[in-house]
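The values are calculated or read from the model by the stated rules, or taken from the named source; none is laboratory data. In this text the structure is predicted, and so the values were computed from the model without any measurement. Cβ: placed from backbone, ideal geometry, glycine included. Neighbour counts: every protein chain shown. Side chains are part of the model used for accessible areas, which takes the heavy atoms of the whole protein and leaves out ligands, DNA and RNA. Shrake-Rupley method; radii C 1.70, N 1.55, O 1.52, S 1.80 Å.
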Amino acid sequence: MFKAMIREIVALAAAMDIHFERDLVEVNLNILSSLAPETTTSMQRDIMAGKDSEIDGLVYYVVRLGKQYGVPLPQYEKAAAALSRGK
């Protein structure tokens, strides 16, 4: 799902005329492989603590942009649906 979401971001960026010089899947997998297994993101920690998080900008806004640019984002939509049920 992680790799699919990155590919969706790349497709959305292309629709917005933003192009990357490097393969974002490879870049992000390299970052993940260098992290300790117990590492969490700030968004994960905020959500677990019941605090406000950047979930709107990182997930819901991406879904809105996909609709605006006509780019299907099935994995982002799946994540947004799952996260909204947890509210």
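Details
- Global geometry of the stretch 2-42, whether rounded, prolate or oblate, following the gyration tensor of its Cα atoms and the 1.5 cut on a/c: prolate
- Positive minus negative residues near GLU8 (Lys, Arg vs Asp, Glu; Cβ under 12 Å): +2
- For ILE31, neighbours were defined as the other residues whose beta-carbon sits under 14 Å from its Cβ, and their charges (Lys and Arg +1, Asp and Glu -1) total 0.
- Low-density loop cleavage sites - GluC sites (Glu not before Pro) in the stretch 1-33, where at most 13 other Cβ are within 10 Å (DSSP): GLU21
- Equivalent ellipsoid dimensions for the chain as semi-axes, Å, which come from the Cα gyration tensor, largest first: 22, 19, 10
- Secondary-structure-derived ellipticity at 222 nm for the chain, considering helices only, amounts to -18000 deg cm²/dmol, per-run term -39500 (n - 2.57) for DSSP H runs with n ≥ 4.
- Neighbour-limited loop hits for trypsin sites (Lys or Arg not before Pro), the stretch 31-67 (at most 14 other Cβ within 10 Å; DSSP other than H, G, I, E, B): LYS51
- A DSSP coil position with no more than 14 other Cβ atoms inside 10 Å describes the following chymotrypsin sites (Phe, Trp or Tyr not before Pro) in the chain: PHE20.
- Computed from backbone phi with θ = phi - 60° and the Karplus coefficients 6.51, -1.76 and 1.60, the 3J(HN,Hα) list for the stretch 46-55 is 5, 5, 4, 8, x, 8, 5, 9, 8, 4 Hz; x is used for glycine and proline.
- Accessible area of ASP17 (1.4 Å probe, protein heavy atoms only, ligands and nucleic acids ignored): about 120 Å².
- Label-to-label distance, ARG64 versus ARG7, with points set 7 angstrom from Cα along the beta-carbon direction: 2.7 nm.
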